[in-house]
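One structure below.
The values are calculated or read from the model by the stated rules, or taken from the named source; none is laboratory data. It should be emphasised that the depicted structure is a prediction, and the values quoted were computed from it without experimental measurement. All Cβ positions, even for glycine, are placed from backbone atoms using ideal geometry, and neighbour counts span all protein chains on display. When the accessible area is computed, the model is the full protein with side chains, heavy atoms only, and any ligands, DNA or RNA have been set aside. Shrake-Rupley method; radii C 1.70, N 1.55, O 1.52, S 1.80 Å.
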Amino acid sequence: MQQMRFHCADDTTQINALLADGLSSKLTSPNELVSFYAHRLLGTPYVAHTLEGETELLTINIHELDCTTFVEVLYALTRTTLNGRSSWRDFAYNLENLRYRNGRMTDYSSRLHYISEWIIDNVARRNLVDATPDMPGKLYMVKDLDFMTKHRESYQSLATDDAMLEKIRNYEMGFRNHRFPYVKREWVSQKKYAEALRSGDFIGLVTNVKGLDISHLGIIEKKDGKVYLLDASMKGGKVQIESEELYDMLRHNKNNIGIRVFRIKPE
């Protein structure tokens, strides 16, 4: 296990309590467990950049979440429960296994920064299933993923470290003309998509921003046949269920052009 960074002494206690509740729920479906834990985290404050520091450490923080760490925490809680385990140490193992390339943390460049690579790496290691190709009417997009090196000043670990910048650039080289599936924004409003999506699905919002693939993550929340996003919201300042339906949320942001859908692979 890698050296870890905690938000506070209560992190491990809180994780153990959540895992105990998850095991007591007797839920065995990954999607049901994702939804179960997401509802337990409602109201958690949104805080960005909690993973950043002078040295890359396995950061464990369930008291402050952004959209990516929210999804990662849900995965680690769910996977640990599916494994029948109840210790924060098992949670930490599963968190590292998801967050880093090949499941192993070495330095900042080993973190799976682009969601496209995050999906590919974790699908290959049987952590996740990419459900997007099975969605009706899916399309494919081709993009160069190079946002990080083109905007190095936005990243603490890249701003002044030329060697780290080159490491990230080398990984980006593998994602030139990257082709990936997505569901077009306009189609999300159709009934067949509402039926295909499940509560507890992980959702990535596909962006038209140059060099970037996905700009936001969350999970699906279905209520009365309608589809909503449950996410760690920067605008709302906390983990919440968005008040607008998913399609309306997408169309009110011109940069959101569609979605990707992925799920935790059952044991």
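Picking from residues in region 202-241 that are charged (D, E, K, R) and farther than 14 Å from VAL71 by Cα, the one that is farthest from the chain's Cα centre (by Cα) is ASP224.
Within region 186-205, the residues that satisfy the criterion of being in contact with a strand residue (DSSP E or B) (Cβ under 9 Å, 6 or more places away or on another chain), open to solvent by 30 Å² or more (accessible area, probe 1.4 Å) and assigned to a loop (DSSP other than H, G, I, E, B) are ARG198, SER199.
For VAL34, the conditions (1) of a type outside the set (Gly, Ala, Ser); (2) farther than 23 Å from SER215 by Cβ; (3) out of contact with any Asp or Glu (no Cβ under 7 Å at 6 or more places or on another chain) all hold with the exception of (2). The strands (runs of 3 or more DSSP E) found entirely in region 52-170 that carry 3 or more residues being at pLDDT 95 or above and more than 20 Å from ASN31 (Cα to Cα) are 58-60, 139-143. Selection of region 218-259 for residues being touching a Pro at 6+ places or on another chain (Cβ under 7 Å) and assigned to a strand (DSSP E or B) yields only LYS238. For ASN208, the conditions (1) closer than 28 Å to THR106 by Cα; (2) at pLDDT 95 or above; (3) open to solvent by 40 Å² or more (accessible area, probe 1.4 Å) all hold with the exception of (1).
A residue that is under 22 Å from MET135 (Cβ atoms) and in contact with a Leu (Cβ under 7 Å, 6 or more places away or on another chain) cannot be found anywhere in region 161-174. Among residues belonging to region 171-185 that are assigned to a loop (DSSP other than H, G, I, E, B) and not polar (S, T, N, Q), point out the one that is surrounded by the most Cβ atoms within 10 Å (Cβ to Cβ). Out of the qualifying residues, it is PHE175. Summed over region 152-166, residues that are surrounded by fewer than 16 Cβ atoms within 10 Å (Cβ to Cβ) and in contact (Cβ under 8 Å) with a residue 40 or more places away in the chain total 1. So, of the residues in region 224-234 that are at pLDDT 95 or above and either in contact with a Cys (Cβ under 6 Å, 6 or more places away or on another chain) or loosely packed, with under 13 Cβ neighbours inside 10 Å (or both), which turns out to be nearest to ALA48 (Cα to Cα)? For region 224-234, the residue satisfying everything is ALA232.
Go through region 21-39 and give me each residue that's closer than 18 Å to GLN240 by Cα and either surrounded by 18 or more Cβ atoms within 10 Å (Cβ to Cβ) or touching a Ser or Thr at 6+ places or on another chain (Cβ under 9 Å) (or both). Hits for region 21-39 are ASN31, GLU32, LEU33, VAL34, SER35, PHE36, TYR37, ALA38.
Of all residue pairs spaced 6 or more apart or on separate chains, those with beta-carbon atoms under 6 Å, a first member in region 71-83 that is under 17 Å from SER199 (Cα atoms) and a second member that is assigned to a helix (DSSP H, G or I) and among the basic types (Lys, Arg) are GLU72/ARG99.
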